[in-house]
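Student: First, the structure itself, so that you have it in front of you.
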Amino acid sequence: MVSENQSVPTGLFITLEGGDGSGKSTQAELLSSWLTDAGYVVVRSREPGGTDLGLELREIVLHRRGDIAPRAEALLYAADRAHNIATKVRPAIERGEIVIQDRYLDSSVAYQGAGRVLDGQEVREISLWATEGLMPDLTILLDLDEGVGRERLDEARTRYDRLEAEKHDFHARVRAAYLALAEASPERFLVLPATDSIDSIAASVRSRVESLLRR
Ligand code: ADP
Ligand code: TYD
């Protein structure tokens, strides 16, 4: 774990990123089972909504009827993140556990930054303030053409949340922002095509996580 406030190496913090329907929760579940079977203590979380407070914020930010101003939306995600990290993720990492989380601050940079067109650097700084600088050890980016993600969601969903309901352009900007983030920090990111088979993605993820565990 890399943190501005902490020099002692402890547990691991692994995040999954990608568009809606890219396979994040499928891979989080497979990785979590594999690590649990190998004897590690795994904590699963997600943003928004990894905690009780987060579930309330999730309902607002995803399902509120009527507008939410872009900066208010960014702050709602940051509030969810602050509480999730302070009360659930950081304590688990400090106990030496492995946290596997669907979405983290890269989601805010991609969706609120590139998607809503706020300044990506400012959005990132709000998240870093919210989390006292906690960065993941590994971020798995499941890269997916937005049309394919939409087809997958169409099969699974009856209603779309506020972000999913955004148009093609929005999701194309989100995807480009994710790829730019990964390119800027290749040591932190593992980028995999989300159209590969579930098993082959899981195998690539395991191999990268194994190398982290050997460190
Ligand atoms: P996310 O958590 O990113 O929204 P999910 O893991 O819920 O995505 O997957 C969305 C849908 O796509 C599910 O129906 C899931 O079974 C399917 N799916 C996941 N990974 C793949 C894959 N690699 N190839 C094809 N379908 C997939
Ligand atoms: P999620 O529940 O992960 O949806 P999915 O399983 O479909 O990927 O996330 C809900 C939505 O919230 C998703 O469309 C992305 C958005 N989001 C942001 O816009 N900013 C953020 O910081 C986070 C964490 C999520």
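Student: Near the amide H of R46, under 5 Å away, which other amide H atoms are found, from residues 5 or more places off or on another chain, if H is placed in the peptide plane?
Tutor: D102
Student: Amide H neighbours of L118 under 5 Å, at least 5 residues apart or on other chains, H built in the peptide plane: list them.
Tutor: G113
Student: What residues qualify as long-range amide H neighbours of T15, i.e. H under 5 Å apart, gap of 5 or more or another chain, H built at 1.01 Å from N?
Tutor: Q101, L138, T139, I140
Student: Taking the Cα centre as origin and putting +1 on Lys and Arg beta-carbons and -1 on Asp and Glu beta-carbons, what dipole magnitude results for the chain, to the nearest 20 debye?
Tutor: 260 debye
Student: Further, regarding this structure: Of the options F170, Q121, M135, report the single residue whose Cα projects farthest towards the positive end of the charge dipole of the chain (beta-carbon charges: Lys, Arg +1; Asp, Glu -1).
Tutor: M135
Student: Along its three principal axes, how long is the chain when you only count alpha carbons? Whole Å, largest extent first please.
Tutor: 46, 37, 32
Student: Another question about this same structure. Give the longest segment of the chain that steers clear of GluC sites (Glu not before Pro) in DSSP loops with at most 14 neighbouring Cβ atoms within 10 Å, not counting the sites themselves.
Tutor: 5-131
Student: For R46, what accessible surface area do you get with a 1.4 Å probe? Give it in Å², rounded to 10.
Tutor: My reading of the accessible area for R46 is about 90 Å².
Student: In terms of solvent-accessible area of protein heavy atoms at a 1.4 angstrom probe, what is the ranking of R81, R71, highest value first?
Tutor: R71, R81
Student: Express the Stokes-Einstein translational diffusion coefficient of region 155-215 in µm² s⁻¹, to the nearest whole number, given a Kirkwood radius over alpha-carbon pairs, 20 °C and a viscosity of 1.002 mPa s.
Tutor: Taking Rh from Cα pairs, D becomes 150 µm²/s.
Student: Quick one: longest stretch of the chain between exposed loop chymotrypsin sites (Phe, Trp or Tyr not before Pro), exposed meaning at most 16 other C-beta atoms within 10 Å and loop per DSSP?
Tutor: Here the longest segment lacking exposed loop sites spans 41-159.
Student: Hey, can you rank 135-142, 61-68, 86-93 by average C-beta count inside 10 Å, highest first? If you can, show how the numbers build up before the last one.
Tutor: Values: 135-142: 22.2, 61-68: 11.8, 86-93: 19.1.
The densest-packed peptide leads the list: 135-142, 86-93, 61-68.
Student: Starting from 0.36 nm per residue, how many nanometres of slack lie between D199 and S33 once their C-alpha separation is accounted for?
Tutor: 58.4 nm
The values are calculated or read from the model by the stated rules, or taken from the named source; none is laboratory data. Here the structure is a predicted model, which is why all the values come from computation and not from measurement. So basically every Cβ, Gly included, is an ideal-geometry build from the backbone, and we count neighbours across all protein chains shown. We work out accessible area using only protein heavy atoms, side chains counted, and drop any ligands, DNA or RNA first. Shrake-Rupley method; radii C 1.70, N 1.55, O 1.52, S 1.80 Å.
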